[in-house]
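> Take a look at the following structure, please.
A short reminder: the numbers here are calculations on the coordinates, not readings from a lab. All values derive from a computational prediction rather than experimental measurement. Neighbour counts are summed over all protein chains in view; Cβ atoms, including those assigned to glycine, are modelled from backbone coordinates with ideal geometry.
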Amino acid sequence: QKEVEQDPGPLSVPEGAIVSLNCTYSNSAFQYFMWYRQYSRKGPELLMYTYSSGNKEDGRFTAQVDKSSKYISLFIRDSQPSDSATYLCAARRGTNAGKSTFGDGTTLTVKP
Amino acid sequence: DAGVIQSPRHEVTEMGQEVTLRCKPISGHDYLFWYRQTMMRGLELLIYFNNNVPIDDSGMPEDRFSAKMPNASFSTLKIQPSEPRDSAVYFCASSPTETGQQFFGPGTRLTVL
């Protein structure tokens, strides 16, 4: 079993919809949680970065971490065609600044 | 800042040939990572360095793969001999210790015929 499991998708929504992307993890030592966005034929880019449980909001994006259930979510409000990409969740332990564990990614298409 | 720089962007080679991928991390970042991404296996960590020292190479698939970081501004990933199953996109990423946030390069798309 992988340490970070991600809903595989693909996901297709109409423009303006609210999107929910989800991951679960198994390692209780994970303390930092990230969401990366990867456009086709590009490298992943960091979208959201959170520490421990709680919510973090940045514009139309909200990252949510529930450590009690080991659940990570990314919500996208008022989705736009430019949000069409693959989204990867990632987690890492606080004692190891280097190594992050990534999910396999969910491909999102927002249709105009 | 130019971001993480990788070269070449595309590489097509024949089975058995040596392949060398190059990476220049963001200045001031003391962690450097090499990843491989395929449709079947997703994003896999191959090896990472801290202050030019390899810390974890458990993801390196076999002895045909080797990585070096001779100084803080340069790293190479070498495959010798290459095989068709090595075809993938190889990403380099770097991060500062303070935040651990990784910044990825544009990747090298490797095709081994």
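> Using +1 at the C-beta of Lys and Arg and -1 at the C-beta of Asp and Glu, which of A:PHE33, A:SER12, A:GLN80 has the Cα lying farthest in the positive direction of the dipole of chain A?
In chain A, that residue is A:PHE33.
> Further, regarding this structure: Taking only pairs that are 8 or more places apart or on different chains, how many Lys pairs in chain A have Cα atoms under 29 angstrom apart?
14
> A follow-up question, please. Taking only the C-alpha atoms, wrap a convex hull around the protein assembly as shown and report its volume per residue in Å³ as a whole number. Display every interim value, and only then the final one.
Values: hull volume 28.3 nm³, N = 225.
It is 126 Å³ per residue.
> Within segment B:19-113, report the GluC sites (Glu not before Pro) that DSSP leaves as loop and that have at most 14 other Cβ atoms within 10 Å.
On the way: sites: B:GLU44, B:GLU62, B:GLU98; in loops: B:GLU62, B:GLU98.
Passing sites in segment B:19-113 are B:GLU62, B:GLU98.
> Along the positive direction of the dipole of chain B (beta-carbon charges: Lys, Arg +1; Asp, Glu -1; about the Cα centre), which of B:SER27, B:VAL53, B:LEU110 reaches farthest?
B:LEU110
> In debye, nearest 20, what is the charge dipole magnitude of the protein assembly as shown about its Cα centre with +1 on Lys and Arg Cβ and -1 on Asp and Glu Cβ, if you could check? Please list the in-between numbers first.
Values: 23 positive and 24 negative charges, 26 e Å.
Here the size comes out at about 120 debye.
> Provide the FRET efficiency to the nearest 0.05 for the A:LYS2-B:SER27 pair, computing r from the beta carbons and using R0 = 41 Å.
Values: r = 34 Å, r/R0 = 0.82.
Efficiency at R0 = 41 Å is approximately 0.75.
> Enter the Cα centre distance for the pair segment A:40-112 and segment B:83-113, rounded to the nearest angstrom.
Centre-to-centre (Cα) distance: 19 Å.
> Given the Cα atoms of chain A, and with Rh set as the inverse mean 1/r over their pairs in the Kirkwood sense, what is Rg to Rh to two decimals? Intermediate values should be presented prior to the final figure.
Values: Rg = 13.4 Å, Rh = 14.0 Å.
So for chain A, dividing Rg by the Kirkwood Rh gives 0.96.
> Sticking with this one: Between A:ARG77 and B:MET39, what is the spin-label point distance in nm, taking each point 7 Å from the Cα along the Cα→C-beta axis?
3.7
> What fraction of the DSSP beta bridges in the protein assembly as shown is antiparallel, stated in percent and rounded to the nearest 5? Mind dumping the intermediate values first?
On the way: 75 of 83 bridges.
Close to 90 percent.
> With Rg and the Kirkwood Rh both taken from Cα atoms, where does Rg over Rh land for segment B:1-64? Spell out each step's value before the answer.
Working: Rg = 13.3 Å, Rh = 13.6 Å.
Rounded to two decimals, Rg over Rh is 0.98.
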